[in-house]
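Please treat every number below as a calculation from the coordinates, not as lab data. This structure is a prediction, so every number in the text was calculated from the model and none was measured. Cβ atoms come from the backbone with ideal geometry, glycine included; neighbour counts cover every protein chain shown.
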Amino acid sequence: MKKIAALSTNEIVRYTVKNVVMNNSDTLTATSKAIELETMKKRMMRGEVVKFAYMKLNGEVRIAVGTLQENAVKANVVGTGIPKRFYGLFAYLDLEKMDWRGFKENRFIGTIEN
């Protein structure tokens, strides 16, 4: 199994600030969510299948299973890359629908361990 690449402190700070500003979240909670989101992203890019939860825009909680594994992503890219509708969102390949989905980073709830 590949080692997880170093977490990007720039991304963690960006996620934290976004959560504090958009959700009026306290800094500690926002930072912990940012670290968890960045860790999840690195795990997905390493090829792991990750189960996680986020709040949909209509208030429902979605439990998702996704990956960003290189071969799966390449097989599901049509055109030049990820669809424009996912710009500014955390985009992932949903393994239940085998389609791209995305969510606003400030709506991330957490990962679910098996």
Q: Could you give me the residue pairs with C-beta distances under 9 Å whose first residue belongs to the range 23-34 and is crowded, with 16+ Cβ neighbours inside 10 Å, whose second residue is among the charged types (D, E, K, R) wherever it lies, and which are 6+ apart or on separate chains?
A: Ser25/Lys33; Ala30/Lys18; Lys33/Glu105; Ala34/Glu11; Ala34/Arg14; Ala34/Lys18; Ala34/Glu105
**Q.** Selection count where residues are touching a Gly at 6+ places or on another chain (Cβ under 9 Å) and within 16 Å of Gly88 (Cα to Cα), scope the range 5-36
**A.** 0
Q: Among the residues of the range 33-59, count how many are of a type in the set (Phe, Trp, Tyr) and in contact with a Lys or Arg (Cβ under 7 Å, 6 or more places away or on another chain).
A: 1
